[in-house]
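Only one structure is covered here, and it is reproduced in the block below.
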Amino acid sequence: MRDRVEALVERALSAIDSAESAEALEEARVRILGRKGELTALLRQMKQVDPDDRPAFGAMVNAARDRVQQELERRGQAMEARERARKLESDTIDVTMPGRIRPTGDLHPLTQGIREVTQIFVQMGFTVVEGPEIETDFYNFEALNTPPFHPARDVQDTFYINDFVLLRTQTSPMQVRQMEGQDPPVRVVVPGKVYRRDPMDATHSPVFHQIEGLLVDKDVTFADLAGTLTQFARTFYGKDRKVRFRPHYFPFTEPSAEMDVSCALCGGQGCRVCKYEGWIEILGSGMVHPNVLRAVGYDPDELTGFAFGMGVERIVMLKYGFDDVRLLYENDLRFLEQF
């Protein structure tokens, strides 16, 4: 029996040494030490051994098992070390090689436009403030001198939550909110989202962005309004851009005017974008209506002011020379990466 055990150990050690992979090593372990392995089968023959020799036989088989187990562990550790060394060699990083340049994100053109516009007015002494997008009818319409019969208050134009609460249609409500909580002088610009029941097309969206401006102080005139907005337009679009004001009507300003800039695409000669007029309207403006000043407790005999509002999408489109607002919302990186 001793010869059989020694022969079995020799075969096991030979199989372990010749194993070149983890799979082959596991196969050798199962063949020797598995439930149906050769060494296990040898132990099952214990009953055939003389009772007096069984202790010695059992010790001999256990010693053989321990030796085979130790050799399996040694061989397995050697394989792991060899595989680790191979991976380290194949995965070696050459620190002298130039790194890969990873693409970085940029600000959306709308965000760029808002920041650039507000920064221009900040440099003129204005402060940037924000207001709620869910607004009351009072602040959105009534306090801004908008009569009940005005079409802007119809459900066809405005997203009403209930009879008194709505999604703001303009950033102008912050005119009233700011004046209510601040003694004059007031100089603010208000960027933010606004909502209107407009179908989505090349020039309209039910959700878009506005920037409202307000200045209230003593002795403010329309000349101050014209000078401020002319300076803005030439800073934003370039010093060679021409500017003009046309009479218009807004409930919360009087007198009121729309401001046009010369078309950059055709140089004022007329093209499809400017409808062959050479001019493009970019904002509405005017002197703050006395009724709006009275609504917040200001005395219109002592204080005057001007206000203006512009659509960010429109001024960004004009600056960069594209004519479909939907490009700003489709998240096509081929378009957005140009900015």
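The values are calculated or read from the model by the stated rules, or taken from the named source; none is laboratory data. Quick caveat: nothing in here was measured; it's all calculated off a predicted structure. Don't worry about glycine lacking a Cβ; one is built from the backbone with ideal geometry, like all the others, and counts go over all protein chains shown.
Just a few scattered comments:
- Annotation note: of Phe149, Phe121, Phe208, Phe138, the sole residue that is out of contact with any Ser or Thr (no Cβ under 6 Å at 6 or more places or on another chain), in a loop (DSSP other than H, G, I, E, B) and either exposed (fewer than 14 other Cβ atoms within 10 Å of the Cβ) or assigned by TED's automatic domain parsing to the domain that holds Ala307 (or both) is Phe149.
- Test: residue in the stretch 139-153 that is under 39 Å from the mean Cα position of the chain (by Cα), under 30 Å from Leu327 (Cβ atoms), modelled with pLDDT of 85 or more and not hydroxyl-bearing (Ser, Thr, Tyr): yes
- Criterion violated by Gly213 - all others in (1) crowded, with 20+ Cβ neighbours inside 10 Å; (2) part of a loop (DSSP other than H, G, I, E, B) satisfied: (2)
- Verdict on Thr235 being part of a helix (DSSP H, G or I), assigned by TED's automatic domain parsing to the domain that holds Gly284 and in contact with a strand residue (DSSP E or B) (Cβ under 9 Å, 6 or more places away or on another chain): no
- Looking at Glu135, Glu73, Glu80, Glu89, just one residue is at negative phi, among the acidic types (Asp, Glu) and touching a residue at least 12 places away in the same chain (Cβ under 8 Å), and that residue is Glu135.
- Within the stretch 167-199, being free of Cβ contacts under 8 Å to residues at least 40 places away in the same chain, closer than 21 Å to Asn291 by Cβ and of a type outside the set (Ser, Thr, Tyr) holds for Arg168, Gly181, Gln182, Asp183, Pro185.
- Just one residue in the set Ala257, Ala307, Ala264 is among the small types (Gly, Ala, Ser), assigned by TED's automatic domain parsing to the domain that holds His209 and touching a His at 6+ places or on another chain (Cβ under 8 Å); that residue is Ala257.
- Scan of the stretch 282-327 for residues that are part of a loop (DSSP other than H, G, I, E, B) and surrounded by fewer than 20 Cβ atoms within 10 Å (Cβ to Cβ), ordered by number: Val296, Gly297, Asp299, Pro300, Asp301, Glu302, Leu303, Gly321, Phe322, Asp323, Asp324
- Among the candidates Val312, Val288, Val292, Val296, the residue that is within 26 Å of Ala233 (Cα to Cα), out of contact with any Ser or Thr (no Cβ under 7 Å at 6 or more places or on another chain) and modelled with pLDDT of 90 or more is uniquely Val312.
- Positions within the stretch 96-118 being in a loop (DSSP other than H, G, I, E, B) and not aliphatic (A, V, I, L, M), in sequence order: Thr96, Pro98, Gly99, Arg100, Arg102, Pro103, Thr104, Gly105, Asp106, His108
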